[in-house]
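The values are calculated or read from the model by the stated rules, or taken from the named source; none is laboratory data. This structure is a prediction, so every number in the text was calculated from the model and none was measured. All Cβ positions, even for glycine, are placed from backbone atoms using ideal geometry, and neighbour counts span all protein chains on display.
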Amino acid sequence: MIEQIDLSLVNWARATFALTAMYHWIFVPLTLGLSFLCAFFESIYVRTGNEEWKKLTKFWMTLFGINFAIGVATGIILEFEFGTNWSNYSWMVGDIFGAPLAIEGIFAFFIEATFFAVMFFGWDRVTKKMHLFSTWMVAVGSNLSALWILVANGWMQSPIGMKFNPDTARFEMQDLWSVISSRVAISHFTHATSSGFLLASLFVVAVSCWFLLKNRHSLFAKRSIAVACVFGLLSSLFVAFTGDEHAFITARTQPMKLAAMEALWEGKEPTGLIAVGLVNPDKKPGDEQDPFEFSIEIPGMLTLLAHRRFEGVVPGINDLTFGNEKLQIEGVAEKIRRGRVAVASLGDYKAARKSGDAVAAERSLKIFNQNQDYLGYGYLDSVEQAVPSVPITFYAFRTMVSLGTLFILMFLVFLYLSAKNKLEDYPLILKFGVLSVFLGYVASQAGWVVTEVGRQPWAIQGMLPVTVARSNLDSGTVAVTFFLFLFLFTALLIAEIKIMAKQISLGPEGGKS
Amino acid sequence: MIGSLDWSTLQQLWWLIVSVVGSLFVFLTFVQGGQTLILTLTNDDNEKNLMVNSIGRKWELTFTTLVLFGGAFYASFPLFYASSFGGAYWVWIAILFTFVMQAVSYEYRRKPNNFLGQKTYEIFMFINGSVGILLIGAAVGTFFTGSNFVLNDYNLVQWTHPLRGLEAAFSLFNVSFGLFLVFLARVLGSLYLANNLEHQSLVGQLQVSAFNNLLCALPFLLYVLIRLVLMDGFAVDPTSGDVSLVSGKYLQNLLEMPLVLILLVAGLVLVVFGVVINRFMGSVRGIWPSGLGTVLTCLAVFSLAGYNNTSFYPSKADLSSSLTIYNASSSHYTLTMMSYVAIAVPFVLAYIAWFWRQMDSKKLSVEELAADDKSY
């Protein structure tokens, strides 16, 4: 199937996708959350009839629109990059993966596109209630689009509902419902969207804190903070809850990722969770080096996270790489051996079919069927390739969790001070409020780093490595595209930040917006 | 009922669905056409802002339809998605670039402190409306002229031309097709704006612009039509699936599928009719017959490419690698499931139409824009 693997090409393709996805994810979480916050603000306006709430709604809507445009711009690249940079992937799993993308277009993008125009330009063209309905629909549409793309991503993390067809050399869907309702997909959706709500709440708090520090638009800022803190606190608690669920599922579907998240090399019972640690970056599977330069462990916590009880082993990287009979874990070496049998027998089957040798085709097919679950492993060169980057996954996970915990405390404090109307008495807390949005972006990006780096080398977990999934391009072509996108996205990001900063400085009274 | 449809019927149904989405996209390129008019047709900033804000309220629909076109192709004909996007790499990257430029331009254009300046964003819009549409046309032109790719036994694509898709822009047929789409978009843009704006002098100019752009489009249209009926086409043997070059294949398709011929003729007549009533009868409703005509014409073009045992994405490098709606499609199961999903499409179209009507029932005026602090 793949005669030659150009790792440089694969790495440029990965870098380009990571670049696009990370830029896209700067804008998407704000869209997801701010759309709902705008809907909350406008609902209060419609309920109270107070024009100040309308002004407040319009201010946040302006910032939403600036952010939304660039999110759309980076999103289209992401969708088509599956074709341009991962064309083998697009053929091999397009029968399954294409469906959620098309459904996303039908059920989500058109809702956004239609009601976005009403939300921004319909204030005097439709009734007040119809306008409010449109604002809510933009929020629903935005989040529905997240649902479908996260269903697709969830399927990549835990492929179900499909079967490999040796005649077409692709995976074909058997059960759409199991793809959509997969526990992994739902978990991805709830965790990612609620993190978006959290980030948007931080954004509103940050901008409002800045106003309070500058002693401008105080009432506006306090109202915004009150609504954002309630939404943010609920979201951050839900993020923690779905994060726990996510880890529990990851333990079952992607044990290697969980092991990398914890830099857990040897499984033990019960397994502790590393609260703080400095990983040894030189440690390799099977060697005798210490995994940590320094660490503080909470005993039994990882077992609790993975099994929801204090008994049970969480397998380590070495268990998963070299196998562990006691834990009934098949090692990567054996999977690679069987994978290579699958690759060879698939080739024999195709050749026999081409030459019209039915007996040889049947014989090869039988061998293939016995080993097809390992097909993807057949393209790995070594057992080490099956292990993702432990330091990156480990640190990204800790960054996400620690900041997520901090945000819960932060919203509690802000809510308390807001209720007591004492926010302005604590300028240091207000300064932290301004800083918090940047921490929110760091946490949000770190979450995706855990998800995507932690599942390497797989495009489709256990089925299709990235080395096979890429397009047949030369690495120079993809490298040029990488820098083109880097230049374009960075220029647009600078424009977005400058415009956003100006609009914020103009405040709710506004200038030209 | 859908569950009992056989695979080939579903493949044909999905070619129709993709064609409808593609045709609606071409209609909606009135946004792109309008973008190419703002630099030349306006006399002052008020007129420019009026035009930008009129089409700016629809840009997302066009954009979304393009995304859906890609998504629908991915779901229904993944081998095309993989072969074309992964093979004709540079042409698609160039197209995508122009749409990224467009996506931010409306929102950022007149915002203070916008880093690149108003003019830059207007140039972005122009590039999207001209180069973007030209390249899309050139890419669709390869449905008839063929592309340079080979598929291996595992259906993985290898492009055989170093320009990786940009070579499509060096074919006279493809370029003519692309230029026809550019001028058609300008026709539609002029008609839409004439219908949507309350500005007497600008509307008068737009009515003339629609007619002039139709005149510009005609030579390219004629060349495309003449070449289409004369050129060799990529025919598929229905029994063996083998692809071969057949003289006058597309003419044969037209004659063997009279409905397609009717669609093509009716479509072109409607396009011209819309322009004529705008130019000579003082009407501003020409966008509707011309829009419908555009959809019918595009449906005919897609039908010529995909139906009647024709390869819709032929390979010049290796005829046996050519894609047909039968060998490039998703599985029976996936097409069945997606057909259930597609039942929602008419409802989606209905609410879009309803809100379109709500938003466009009152014409856009300079006064309204001046009072709207959210205008583009």
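Go through A:TYR45, A:TYR89 for me and flag whichever is in a helix (DSSP H, G or I), in contact (Cβ under 8 Å) with a residue 12 or more places away in the chain and farther than 30 Å from A:ASP175 by Cα. Exactly one residue qualifies, and that residue is A:TYR45.
Answer yes or no as to whether B:SER339 is touching a residue at least 12 places away in the same chain (Cβ under 8 Å) and within 14 Å of another protein chain (Cβ to nearest Cβ). Spell out how you get there, then give the answer.
Working: touching a residue at least 12 places away in the same chain (Cβ under 8 Å): yes; within 14 Å of another protein chain (Cβ to nearest Cβ): yes.
In short, yes.
Evaluate the following for A:VAL28: is it under 30 Å from A:ALA396 (Cβ atoms), at the interface with another protein chain (Cβ under 8 Å from one of its Cβ atoms) and either modelled with pLDDT of 95 or more or part of a helix (DSSP H, G or I) (or both)? Considered against the rule, which asks whether it is under 30 Å from A:ALA396 (Cβ atoms), at the interface with another protein chain (Cβ under 8 Å from one of its Cβ atoms) and either modelled with pLDDT of 95 or more or part of a helix (DSSP H, G or I) (or both), A:VAL28 comes out as no.
Name the single residue that is farthest from the chain's Cα centre (by Cα) among those in the range A:387-404 being not in a helix (DSSP H, G or I) and not hydroxyl-bearing (Ser, Thr, Tyr). Spell out the reasoning first.
Going residue by residue through the range A:387-404, those that are not in a helix (DSSP H, G or I) are A:387-389.
Next cut, not hydroxyl-bearing (Ser, Thr, Tyr) only: A:387-388.
Working: A:VAL387: 20, A:PRO388: 17 Å.
For the range A:387-404, the residue satisfying everything is A:VAL387.
Scanning the range B:357-367 for residues that are more than 8 Å from chain A (Cβ to nearest Cβ), in contact (Cβ under 8 Å) with a residue 24 or more places away in the chain and assigned to a helix (DSSP H, G or I) yields a count of 2.
For the range A:152-181, taking the residues that are assigned to a loop (DSSP other than H, G, I, E, B) and of a type in the set (Asp, Glu), the one that is surrounded by the fewest Cβ atoms within 10 Å (Cβ to Cβ) is identified as A:ASP167.
What is the residue count in the range A:66-89 for residues that are more than 7 Å from chain B (Cβ to nearest Cβ) and closer than 19 Å to A:ALA479 by Cα?
Applying the first criterion (more than 7 Å from chain B (Cβ to nearest Cβ)) to the range A:66-89 yields A:67-68, A:71, A:74-75, A:78, A:81-82, A:85-86, A:89.
From what is left, the residues that are closer than 19 Å to A:ALA479 by Cα are A:74, A:78, A:81-82, A:85-86.
Going through the range A:66-89 one residue at a time, the tally reaches 6.
In the range B:84-94, the residue that is farthest from the other protein chains (Cβ to nearest Cβ) out of those that are assigned to a helix (DSSP H, G or I) and crowded, with 23+ Cβ neighbours inside 10 Å is B:VAL91. Looking at B:LEU221, is it under 16 Å from B:SER19 (Cα atoms), in a helix (DSSP H, G or I) and in contact with a helix residue (DSSP H, G or I) (Cβ under 7 Å, 6 or more places away or on another chain)? No; evaluated as a whole, the condition is false for this residue. Within the range B:20-30, being within 16 Å of B:PHE180 (Cα to Cα) and among the hydrophobic types (A, V, I, L, M, F, W, C) holds for B:PHE25, B:VAL26, B:PHE27, B:LEU28, B:PHE30.
A single entry from B:LEU135, B:LEU163 fulfils the requirement of being within 14 Å of chain A (Cβ to nearest Cβ) and within 20 Å of the chain's Cα centre (by Cα): B:LEU135. Here A:VAL276 does not fit the description of being β-branched (Val, Ile, Thr), under 22 Å from A:THR405 (Cβ atoms) and in a helix (DSSP H, G or I). If I filter the range B:330-361 down to residues being aliphatic (A, V, I, L, M) and loosely packed, with under 11 Cβ neighbours inside 10 Å, which single residue comes out as farthest from the chain's Cα centre (by Cα)? Residue satisfying both the conditions and the ranking: B:ILE343. Taken together, the residues in the range B:103-128 that are more than 8 Å from chain A (Cβ to nearest Cβ) and among the polar types (S, T, N, Q) amount to 4.
If you check B:VAL208, B:VAL182, B:VAL229, B:VAL203 for being under 30 Å from B:SER8 (Cα atoms), aliphatic (A, V, I, L, M) and in a helix (DSSP H, G or I), only one passes: B:VAL229.
The condition of being assigned to a helix (DSSP H, G or I), surrounded by fewer than 18 Cβ atoms within 10 Å (Cβ to Cβ) and at pLDDT below 95 holds for only one of A:LYS366, A:LYS354, that being A:LYS354.
State whether one or more residues within the range B:344-353 are assigned to a helix (DSSP H, G or I), of a type in the set (Phe, Trp, Tyr) and within 9 Å of another protein chain (Cβ to nearest Cβ). Even if it seems obvious, please write down each step before you answer.
Of all residues in the range B:344-353, those assigned to a helix (DSSP H, G or I) come to B:345-353.
Adding the requirement that they be of a type in the set (Phe, Trp, Tyr) leaves B:347, B:351.
Restricting the remaining residues to those that are within 9 Å of another protein chain (Cβ to nearest Cβ) gives B:351.
Taking every residue of the range B:344-353 in turn, at least one turns out to be assigned to a helix (DSSP H, G or I), of a type in the set (Phe, Trp, Tyr) and within 9 Å of another protein chain (Cβ to nearest Cβ).
One residue is enough: does the range A:189-203 have a residue meeting the conditions within 30 Å of A:VAL468 (Cβ to Cβ), more than 7 Å from every other protein chain (Cβ to nearest Cβ) and in contact with a Phe, Trp or Tyr (Cβ under 8 Å, 6 or more places away or on another chain)? Scanning the range A:189-203 turns up no residue that is within 30 Å of A:VAL468 (Cβ to Cβ), more than 7 Å from every other protein chain (Cβ to nearest Cβ) and in contact with a Phe, Trp or Tyr (Cβ under 8 Å, 6 or more places away or on another chain). Looking at A:TRP177, A:TRP148, which one is within 11 Å of another protein chain (Cβ to nearest Cβ), without any contact (Cβ under 8 Å) to a residue 60 or more places away in the chain and closer than 24 Å to A:GLY71 by Cα? Just a single option satisfies the conditions, and that option is A:TRP148. If you go through the range B:302-343 and pick out every residue that is assigned to a loop (DSSP other than H, G, I, E, B) and either on the phi < 0 side of the Ramachandran plot or modelled with pLDDT under 95 (or both), you end up with 17. Just so you know, in the range B:61-82 the residues that are facing another protein chain (nearest Cβ under 7 Å) and in contact with a Ser or Thr (Cβ under 8 Å, 6 or more places away or on another chain) include one that is surrounded by the most Cβ atoms within 10 Å (Cβ to Cβ), and it is B:ALA75.
Could you please find all residues in the range B:227-268 being more than 21 Å from B:LYS316 (Cα to Cα) and hydrophobic (A, V, I, L, M, F, W, C)?
Kept after step one, since they are more than 21 Å from B:LYS316 (Cα to Cα), are these residues of the range B:227-268: B:239, B:254-268.
Residues satisfying the conditions are B:LEU254, B:LEU255, B:MET257, B:LEU259, B:VAL260, B:LEU261, B:ILE262, B:LEU263, B:LEU264, B:VAL265, B:ALA266, B:LEU268.
Here A:LEU415 qualifies as over 30 Å from B:ARG164 (Cα atoms), in contact (Cβ under 8 Å) with a residue 24 or more places away in the chain, out of contact with any Gly (no Cβ under 7 Å at 6 or more places or on another chain) and not small (Gly, Ala, Ser).
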